[in-house]
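J.: Take a look at this one; I'll ask things after.
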Amino acid sequence: MLAPLSGEDRRRLLDVARTAVADALAGRPPRRPEPAGILARQSGVFVSFHVDGDLRGCIGHPAGDQPLASVVPEC
């Protein structure tokens, strides 16, 4: 079982996801940060988008076969 994420880990992952969304909206390829710390962890990912509290979309990669630095921006 993986250790729970710290608040800092959660903030870092959210920053990576938000940067990927901004890149997509600007027509740029997603930036993939250096896989260090939490971003080096191989894990499944589930990303959801909410607007005004309503779920607007979601996607995931359950395999857990890639580092979070690659999977989060891709999702």
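J.: Using beta carbons and a limit of 8 Å, which pairs, at least six apart or on different chains, have the first residue in region 44-59 and under 21 Å from Leu2 (Cβ atoms) and part of a loop (DSSP other than H, G, I, E, B) and the second one open to solvent by 90 Å² or more (accessible area, probe 1.4 Å) and not hydrophobic (A, V, I, L, M, F, W, C)?
T.: Correct list of pairs: Gly44/Pro62.
J.: Out of all the residues in region 36-56, which are under 14 Å from the mean Cα position of the chain (by Cα) and under 15 Å from Val21 (Cα atoms)?
T.: Those that are under 14 Å from the mean Cα position of the chain (by Cα) and under 15 Å from Val21 (Cα atoms): Phe46, Val47, Ser48, Phe49.
J.: Taking region 35-75 as the search range and keeping residues that are on the phi > 0 side of the Ramachandran plot and open to solvent by 60 Å² or more (accessible area, probe 1.4 Å), which one is modelled with the lowest pLDDT?
T.: Looking at residues that are on the phi > 0 side of the Ramachandran plot and open to solvent by 60 Å² or more (accessible area, probe 1.4 Å), I get Gly37.
J.: Can I ask one more? Just wondering, is there one or more residues in region 18-34 that are part of a strand (DSSP E or B) and either buried (at least 17 other Cβ atoms within 10 Å of the Cβ) or within 11 Å of the chain's Cα centre (by Cα) (or both)?
T.: Within region 18-34, the first condition is being part of a strand (DSSP E or B), and the residues that meet it are none.
The answer is no; no qualifying residue exists.
The values are calculated or read from the model by the stated rules, or taken from the named source; none is laboratory data. Computed from a predicted model, the values in this text were never measured in an experiment. Counting neighbours? That spans all protein chains shown, and the Cβs are built from the backbone with ideal geometry, glycine included. Side chains are part of the model used for accessible areas, which takes the heavy atoms of the whole protein and leaves out ligands, DNA and RNA. Shrake-Rupley method; radii C 1.70, N 1.55, O 1.52, S 1.80 Å.
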